[in-house]
1. Output the qualifying pairs, or none if there are none: Cβ atoms under 8 angstrom, residues six or more apart or on different chains, first residue in the stretch 8-21 and assigned to a helix (DSSP H, G or I), second residue surrounded by 11 or more Cβ atoms within 10 Å (Cβ to Cβ) and modelled with pLDDT under 90.
2. Which residues, counting only those in the stretch 1-42, are surrounded by 11 or more Cβ atoms within 10 Å (Cβ to Cβ) and either of a type in the set (V, I, T) or in contact with a helix residue (DSSP H, G or I) (Cβ under 7 Å, 6 or more places away or on another chain) (or both)?
3. Among the residues that make up the stretch 49-61, is at least one of them at pLDDT below 95, surrounded by 10 or more Cβ atoms within 10 Å (Cβ to Cβ), over 30 Å from R157 (Cβ atoms) and hydrophobic (A, V, I, L, M, F, W, C)?
4. Looking at the stretch 69-85, is at least one residue surrounded by 10 or more Cβ atoms within 10 Å (Cβ to Cβ), aliphatic (A, V, I, L, M), more than 27 Å from the chain's Cα centre (by Cα) and in a helix (DSSP H, G or I)?
Amino acid sequence: MFFDPETWVAIAFVILMVVFGYLGVFKSAMTALDHRAERIKAELDDAQRLKQEAAKVLADYKARTASAEREAAEIIANARSEAERIAADAKAKMEDFVARRTKTAESKIALAEAQALADVRAAAAEAAVQAASTILSQSVKGQVADDLLAKGINEVRQKLN
């Protein structure tokens, strides 16, 4: 038994543990492990705090995103209604413009018709005066012819104009 290597390893191990106990190695190891446990606990607490802050930031971000989407929807709705109002105003203005242009064109046409009718009457009166003048000058002679001619020309002019 004393010649077995396992026995000597066990004896050396026991002696080593007694020396470690006497020198305070166990206490140092336990203190180091306690410090490490405290550091890990602090890191876990810090990670938990960061997780909570990240959750708050995420919730805030989602709220802002929802608010921005609502505002964007409101802006789009307002823009659509404004565009529809502008289109309706433009249509009304265009219809008014067309109506005014049509009325102006109709009045110009009526004026041109009246002018053409006056021109035709004047030309007819002038032709009638010329014809009457020619006929009377050939058929009647002297002072009577001149009086009749002047009277007839005046009557024709008054009736046609």
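1. Qualifying pairs under 8 Å: F20/F26.
2. T7, I11, F20, V25, F26, T31
3. Within the stretch 49-61, not a single residue is at pLDDT below 95, surrounded by 10 or more Cβ atoms within 10 Å (Cβ to Cβ), over 30 Å from R157 (Cβ atoms) and hydrophobic (A, V, I, L, M, F, W, C).
4. no
The values are calculated or read from the model by the stated rules, or taken from the named source; none is laboratory data. The model shown is predicted, which means the values in this text are computed figures rather than measured ones. Using ideal geometry, Cβ is built from the backbone for each residue, glycine included, and neighbour counts are taken over all protein chains shown.
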